[in-house]
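Notes follow once the structure below has been shown.
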Amino acid sequence: MSEHTEESVRAEVRQWLADNWDVNLPLLEWRGKLVESGWGAPHWPTEWHGRDLPVGLVPFVDEEFEAAGAIGVAMIGIRPLAAATILAHGTDLHKEKFLRRILTGEDTWCQLFSEPGSGSDLAGAITKAELKGNTWVINGQKVWTTSAHRAQYGLLLARTNPDLVKHQGLAYFILDMKQPGVEVVPLRQMNGHASFNQVFLTDAEVAPEFMVAHDGDGWEIATTTLMHERRGADALKKFQKPSSRPERIFREQADEIKIALEPYTWYPQRAGRADLVIERAKQTGANTDPVIRQEIAKVMTLSKCAEWTARRARAAQQEGRPQGPEGSLGKLASSYVAKTSNNVHTMISGADAMLTGEDSPMGGIIAEILISTPAISLAGGTDEIQKNIISERVLKMPKEPRTDTNRPFKDVPKNLAS
């Protein structure tokens, strides 16, 4: 294979777009052409809808698509996590059945990890998977599951053998969410949104071929998923914005984006909106207060440090290095930025910060910031979990004492009856 350069990649993708991009195509038909070309996920293997392009050259492909005004593949929500996990651990059957439809947007996914008694302690999952005849039968409850009400498939972590130690005896499945035995119930949040769901699994079934890798590999595979999730949590992704253009392909994409981003509309506020701090300070005159100015400087410093951490993570990805604990550094940094921004917004708004709805400053945005930021310290692994990962894997500090690692999981005390 010839060596790729920025110039050669730009020229090739620019020519392909000139020959193929058509605003009059239906969205699904365009995505099909894009997947077949390999330009939709050019860093993926050639045999799986990619072009084996070095990750460091992918931004140049993205820039050419943006310059042409062309629509890309459907990698919004949990889809990138599903794709990354399947590429790393899935069988040829999984890749054949799911990867193309992830890129075209035909399938929506959710992540069935957290449980009422084991959120941060993911390895403490008690959802059971029992092999009955030639079928895995699943019973249990998952929670905080974004988009479960729309998902066709779920990434499921379940326990197959309680006689093994905690991090063993787990398996990773691809679950059909539309089958009988899967009940999805929305959770209403204190900020008024309902982005998450509880999922009750009662004799739900999974065929053996839809276990990812092998029985007992669940923890390793879940770690892959989480590393990708945390690397993406250093800051809110720049989601695609729908175009107002009238052609069919743009109308269909706008509908797709609206549905996909519905659970995430409050995520900018969850991140603390450090970008609004200086604007708010100027509006209220708080920029002349020396104490508030000092706190604003603190927010800006933390925000810039978080940005640099994110750049390091992206650089590692572009060099092809495996997902690592730098994702935890970014995740923790984003939590600190959110908390500090929350504090500054409160200082600036004063008593008005207690107002909600249209009476709240900025038409309700400030109130939504104040009641949404606690979520970022929990979602995707709590601050405490990230600190443990950093201390043990980055700083090589001794692991904290554990009482649940050297005995069968069935004998470990639990928050809920198993």
- Task: Show the residues, 5+ positions off or on another chain, whose built amide H is closer than 5 Å to the amide H of residue 111.
- Result: 146, 155
- Task: Determine, for 9, 337, the number of other Cβ atoms within 10 Å of each Cβ, and report the residues in order from fewest to most.
- Result: 9, 337
- Normalised contact order of the stretch 38-179, rounded percent, pairs of Cα under 8 Å and 6 or more residues apart: 16 percent
- Query: Can you name the helices of the chain, as whole DSSP H runs, whose Cα span along the helix axis is 24 Å or more and whose Kyte-Doolittle mean is not below -1.0?
  - Reply: 290-318, 326-349
- Query: Which pairs in the list 241/304; 298/414; 97/304; 33/132; 331/399 are over 30 Å apart, alpha-carbon to alpha-carbon?
  - Reply: 298/414; 97/304; 33/132
- Item | aspartates and glutamates with Cα under 18 Å of residue 258, excluding same-chain neighbours fewer than 8 positions away | 106, 107, 247
- From fewest to most C-beta neighbours within 10 Å, the residues 157, 164 line up as 164, 157
- Message: Once you order the gyration tensor axes a ≥ b ≥ c over the Cα atoms, which shape class does the stretch 167-234 get: rounded for a/c under 1.5, otherwise prolate or oblate by comparing a/b with b/c?
- Response: oblate
- For the stretch 77-202, just say rounded, prolate or oblate: build the C-alpha gyration tensor, square-root its eigenvalues into a ≥ b ≥ c, call rounded for a/c under 1.5, and beyond that prolate if a/b exceeds b/c, oblate if not. oblate
- Task: Mind running the shape call on the stretch 6-68? Use the C-alpha gyration tensor, a ≥ b ≥ c as the square roots of the eigenvalues: rounded below 1.5 for a/c, prolate if a/b tops b/c, oblate otherwise.
- Result: oblate
- Interchain or sequence-distant (5+) residues whose placed amide H lies within less than 5 Å of the amide H of residue 187 are 196, 197, 198
- Item | Exposure proxy order (Cβ contacts within 10 Å, fewest to most) of 354, 177 | 354, 177
- Amide H neighbours of residue 43 at under 5 Å, excluding residues fewer than 5 places away on the same chain, with H built from the backbone geometry, are 51, 53
- Using Cα pairs under 8 angstrom and six or more residues apart, how large is the relative contact order of the chain, in percent? 15 percent
- Message: At R0 = 25 Å, how high is the FRET efficiency between residue 47 and residue 315 if r is their beta carbon distance? Nearest 0.05 is fine.
- Response: 0.35
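Each reported figure results from applying straightforward, stated rules to the coordinates on display, with no laboratory input. These figures come from a predicted structure and were not determined experimentally. Heads up, the Cβs are rebuilt from the backbone with ideal geometry, glycines too, and the neighbour counts pull from every protein chain shown.
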